[in-house]
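For reference, the structure discussed in these notes is given below.
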Amino acid sequence: MDTTQERTEAPDLPYDVFAKACPSRGTLEHVTGRWGGLTLGALCEGSLRFNELRRRVDGVSEKMLSQTLHALERDGLVHREAQPTNPPRVDYELTPLGRGVAERLLSLIHFVEGRMDDVLQARQRYDETRGAR
């Protein structure tokens, strides 16, 4: 069922991501932003410590990963568990809600990865007709 049909059949949905003030928009930004999407995808593989996650999400700074994890935890997508050890051990894992989001996101990621040859060809055609910038 497409989104238009779903909206027609359920017009009383309390949230509308297309409305500027809707709180779902913030969550969508956390999920689809570069670091949020990659973090959720990495955690779909299993529980990870902060530095393991940072190595898995190549290129993310410590500060950005920390901010991303806080946002995803606040949205109920990631669970943070601190172990009372010395030094402290903190593990991150997806909540059931986070797993549902991550699985859908990974489907999109795999689709994009599988079509990259088409994307790269399209970029080349675009650059040839419009001049590379």
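Sequence gap at least 6, Cα distance under 8 Å: using those rules, report the relative contact order of the chain to the nearest whole percent. Show your work: numbers first, answer last.
Numbers: 114 pairs, mean separation 26.4, N = 133.
Computed value for the chain: 20 percent relative contact order.
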Using alpha carbon positions and the Kirkwood radius, the Rg to Rh ratio of the chain is 1.07
Using alpha-carbon coordinates alone, the radius of gyration and Dmax of the stretch 60-99 in Å work out to 11.0, 31
With the convex hull built on the alpha-carbon atoms of the stretch 16-57, volume per residue in Å³ sits at 74
Regression test value, accessible area per residue of the stretch 10-92, probe 1.4 Å, units Å², expected 65
In the chain the accessible area split gives carbon plus sulfur, as whole percent at 1.4 Å, a share of 52
For the stretch 83-130, using Cα atoms only, the Rg and Dmax in Å read 19.8, 60
When every protein chain stays in place and a 1.4 Å probe is rolled, PHE111, PHE50, PHE18 sorted by accessible area with the largest first are PHE18, PHE111, PHE50
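The values are calculated or read from the model by the stated rules, or taken from the named source; none is laboratory data. As the structure is a computational prediction, the values presented were derived from the model and not from experiment. Just so you know, the surface numbers come from the protein's heavy atoms only, side chains and all, with ligands and any DNA or RNA stripped out. Shrake-Rupley method; radii C 1.70, N 1.55, O 1.52, S 1.80 Å.
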